[in-house]
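J.: One structure, pasted below without further comment.
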Amino acid sequence: MARERDRQDREERDSEFVDRLVHINRVAKVVKGGRRFGFAALVVVGDQKGRVGFGHGKAREVPEAIRKATEAAKRGLVRVPLREGRTLHHDVAGRHGAGKVVMRAAPAGTGIIAGGPMRAVFEALGVQDVVSKSLGSSNPYNLVRATFDALKSEDSPRSVAARRGLKVSALQARRPGGGADVAAEG
């Protein structure tokens, strides 16, 4: 009875996540009888409310590789602060290997302007408006890792204010075009 309840709890927890298959790689091992094929899957998982993770899984069959990658992604979820639950707080850049990415916050109605691997991360994260560009390598593994590198450096005004010992309103009043400094200079 307890085992079944535990399984139902796990299924409810898993149902809140969406997963996006980013890439499947087929590799062949030549053996005496011919070729043996193996598959590697790259999956991005998120709850569309600010949590996202990615995973890599390898197996002899595609569904098993995807299942392993999805489990790995759920183990490595990171929380990303979003402005109004729809875009980034500020512009960020990230890199991993030769893969470089640049992401910018965008006004409402812009949509997700991003290439394949980055788009999967933003959809799973729940971002609705973002402008991004991938530079350098187009390797999906490096692009996903570079995107996560950039998202880890994303900071909310609340956390910056707490770190500096200020109020959020005092911090935002100092923004260019957003308050006291502009009025004092004019």
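J.: In a strand (DSSP E or B) and either outside the structural domain of MET118 (by TED's automatic domain parsing) or more than 19 Å from PHE148 (Cβ to Cβ) (or both): is that true of LYS58 in this structure?
T.: When the stated conditions are applied, LYS58 passes them.
J.: Would you mention how many residues in region 12-58 are at pLDDT 95 or above and of a type in the set (S, T, N, Q)?
T.: 1
J.: If you go through region 22-37 one residue at a time, do you hit one that is buried (at least 20 other Cβ atoms within 10 Å of the Cβ), in a strand (DSSP E or B) and either aliphatic (A, V, I, L, M) or assigned by TED's automatic domain parsing to the domain that holds ASN142 (or both)?
T.: yes
J.: Here are some conditions: (1) farther than 18 Å from GLY53 by Cβ; (2) touching a helix residue (DSSP H, G or I) at 6+ places or on another chain (Cβ under 8 Å); (3) of a type in the set (Ser, Thr, Tyr). SER156 meets all but one. Which one does it not meet?
T.: (2)
J.: Would you check which residues across region 98-125 are crowded, with 19+ Cβ neighbours inside 10 Å, assigned to a loop (DSSP other than H, G, I, E, B) and in contact with a helix residue (DSSP H, G or I) (Cβ under 9 Å, 6 or more places away or on another chain) and list them?
T.: Once the filter is applied, which keeps residues that are crowded, with 19+ Cβ neighbours inside 10 Å, assigned to a loop (DSSP other than H, G, I, E, B) and in contact with a helix residue (DSSP H, G or I) (Cβ under 9 Å, 6 or more places away or on another chain), region 98-125 yields only ALA114.
J.: Taking the stated definitions as given, is SER153 touching a residue at least 40 places away in the same chain (Cβ under 8 Å), closer than 18 Å to VAL78 by Cβ and either touching a Cys at 6+ places or on another chain (Cβ under 8 Å) or surrounded by fewer than 17 Cβ atoms within 10 Å (Cβ to Cβ) (or both)?
T.: Taking the combined requirement at face value, the residue satisfies it.
The values are calculated or read from the model by the stated rules, or taken from the named source; none is laboratory data. Since the model is a prediction, treat every value here as computed from it, not as a measurement. Here the Cβ is made from the backbone with ideal geometry for all residues, glycine too, and neighbour counts use every protein chain on show.
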